[in-house]
Amino acid sequence: MPVRNIPRYGAGRKNLGKFASVKTGRVAWYESLLEKDFMYLLDYDRDVSYWHEQPLRIRFNHGGKVHRYTPDLEVHRAAQKQLIEVKPKHKVYSGEWDVLFRAASSICEQEGHEFLVVTEEVIRMQPRLENVKLLWKYARTPVLPQHQIICSQFFQSRKDEPVTLGDLIQIFTTKQVPTQTLYSLLFWGALEFDLMQPLDRESRITMPSSSALTALKRRTS
């Protein structure tokens, strides 16, 4: 649960909203559209097992006073826990937040965590963000074992020939499986593509390693 109550009304609240995470099963509050965009990336990121907003309060002394700060997000990765602040680039480089960021970074390091400030340069990298948003829409489409079997058999039949999204749409159509299922397979990592290229019918699709598929089964079971 968030440790800080996010004001629902008042000036600057027009970009406040809820994000229904498919990864965590929780509804998280965001305070800016930049935060919302980052939540899409966290839901997609294979290395992230869990995340939540407004996780804890950090207290530090500066100028003879006790200051309190609540990071935007806590992110659990395979190797470590991160506390993340989402800020527009112009605010990060304004100097206004330097003391706070140094204090938070030092405290997190002592606890064995990483403190990270993320700006729109990373979050809104295209076409990655738009690809993730597209796939996220279909992430709740059920994926059954037979859908992965269809993919596996098709790839085996093509041997070393490249497989495109259009090829898979065609074979799924003949099997009377909705195209949305393909997007769900792509979101959850049962199929892969170059995230830094626009996703269309000509996109080359590959299958991940058996170890990656094992991890996928654990996440979706």
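The values are calculated or read from the model by the stated rules, or taken from the named source; none is laboratory data. Here the structure is a predicted model, which means the values were calculated and not measured. Ideal geometry is used to build each Cβ from the backbone, glycine not excepted, and the neighbour counts take in all protein chains shown.
For this structure, a couple of remarks:
- Residue count for segment 147-186, restricted to those that are of a type in the set (Gly, Ala, Ser) and more than 29 Å from the chain's Cα centre (by Cα): 1.
- Segment 108-133 residues that are over 15 Å from Glu35 (Cβ atoms) and of a type outside the set (Val, Ile, Thr), paired with ones that are exposed (fewer than 13 other Cβ atoms within 10 Å of the Cβ) and modelled with pLDDT under 95 (beta carbon under 7 Å, 6 or more apart): His113/Gln80; Glu114/Gln80
- Strands (runs of 3 or more DSSP E) contained entirely in segment 47-137, each with at least 1 residues that are β-branched (Val, Ile, Thr), surrounded by 13 or more Cβ atoms within 10 Å (Cβ to Cβ) and not assigned by TED's automatic domain parsing to the domain that holds Glu192: 48-53, 58-62, 73-77, 81-86, 114-118
- Failed condition for Phe19, given (1) loosely packed, with under 15 Cβ neighbours inside 10 Å; (2) part of a strand (DSSP E or B); (3) modelled with pLDDT of 90 or more; (4) not aliphatic (A, V, I, L, M): (1)
- Members of segment 159-204 that are touching an Asp or Glu at 6+ places or on another chain (Cβ under 8 Å) and free of Cβ contacts under 8 Å to residues at least 40 places away in the same chain: Gly166, Ser203
- Flag for Lys36 being of a type in the set (Lys, Arg) and touching a strand residue (DSSP E or B) at 6+ places or on another chain (Cβ under 9 Å): yes
- All positions within segment 138-154 that are surrounded by 12 or more Cβ atoms within 10 Å (Cβ to Cβ) and farther than 15 Å from Leu186 by Cα: Phe154
- Close Cβ contacts (under 8 Å, 6 or more residues apart or on different chains) running from residues in segment 56-82 that are touching a residue at least 60 places away in the same chain (Cβ under 8 Å) to residues that are in a strand (DSSP E or B) comprise Thr70/Ile58.
- Single match in Leu41, Leu100 (criterion: over 23 Å from the mean Cα position of the chain (by Cα) and modelled with pLDDT of 90 or more): Leu100
This table checks each residue for (1) surrounded by fewer than 16 Cβ atoms within 10 Å (Cβ to Cβ); (2) more than 21 Å from Gly25 (Cα to Cα); (3) modelled with pLDDT of 95 or more.
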| residue | (1), (2), (3) |
| --- | --- |
| Ile171 | no, yes, yes |
| Thr174 | yes, yes, yes |
| Leu191 | no, yes, yes |
| Asp200 | yes, yes, yes |
| Met207 | no, yes, no |
| Ala212 | yes, yes, no |
| Lys217 | yes, no, no |
